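The next block holds one structure in the form of structure tokens; read it before the comments.
Rule-based calculations on the coordinates, nothing more; no lab input. Small disclaimer: the values here were computed from a predicted structure and weren't measured. Using ideal geometry, Cβ is built from the backbone for each residue, glycine included, and neighbour counts are taken over all protein chains shown.
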Amino acid sequence: MLDASRTIHGSRGKILIDGEWQTNLTDCTADVELDKKEVNVLGDTWVRYKQGNYKGTGSIRGYKVTSKMIQQGFERFEVITALEDPEAYGHERIRLKNCMADKIQLVNLKANELVEEETPFTFEGYELVDKIEVK
């Protein structure tokens, strides 16, 4: 049976870009997609699949407090995400390698609202630095 206290609360997450903790960020996503190639052969009624390349995509979003992402431009950077809920079975850290912004948000202004910025990016590899395991 699920022990609800062991579920991980997202507010306990941390995001580091090039080793610097980004206290202004509100969310981060990262996915790896496998490009599978269909293999169709005579005499077989099943479509088979050949593993192709991986594609890593992600996004970071948060409150704008500096011009750092504009200055960063399209230069490569590294992201480390950390889940550190003290009630969980442990903590998890994932390193996203060779990240590069897809677009840089220059202006996002709305009257009577806090300024937020979002940066979609791609990455070329990841490493599960620390994993959560049931003890």
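Numbers below:
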| read-out | value |
| --- | --- |
| Rounded to whole Å, sorted largest first: equivalent-ellipsoid semi-axes of segment 32-103, Cα gyration tensor | 37, 21, 9 |
| Positive-pole candidate from Val107, Gly73, Tyr89, dipole of segment 42-135, charges at beta carbon | Gly73 |
| For the chain, calculated [θ]222 nm from helices alone, where every DSSP H run of n ≥ 4 adds -39500 (n - 2.57) | -500 deg cm²/dmol |
| Long-range tail of P(r) for the chain (Cα pairs > 23 Å, %) | 48 percent |
| Segment 1-133, relative contact order in percent, only Cα pairs under 8 angstrom and at least six apart counted | 27 percent |
| Charge dipole (debye, nearest 20) of segment 84-135; +1 at Cβ of Lys and Arg, -1 at Cβ of Asp and Glu | 200 debye |
| Neighbour-count ranking [beta-carbon atoms within 10 angstrom, fewest first] of Lys68, Lys37 | Lys37, Lys68 |
| Residue order, fewest to most surrounding Cβ atoms within 10 angstrom, among Thr45, Thr122 | Thr45, Thr122 |
| Cross-link pairs Lys50/Lys103; Lys103/Lys131; Lys36/Lys97; Lys37/Lys131 - those with Cα-Cα distance over 27 Å | Lys50/Lys103; Lys103/Lys131; Lys37/Lys131 |
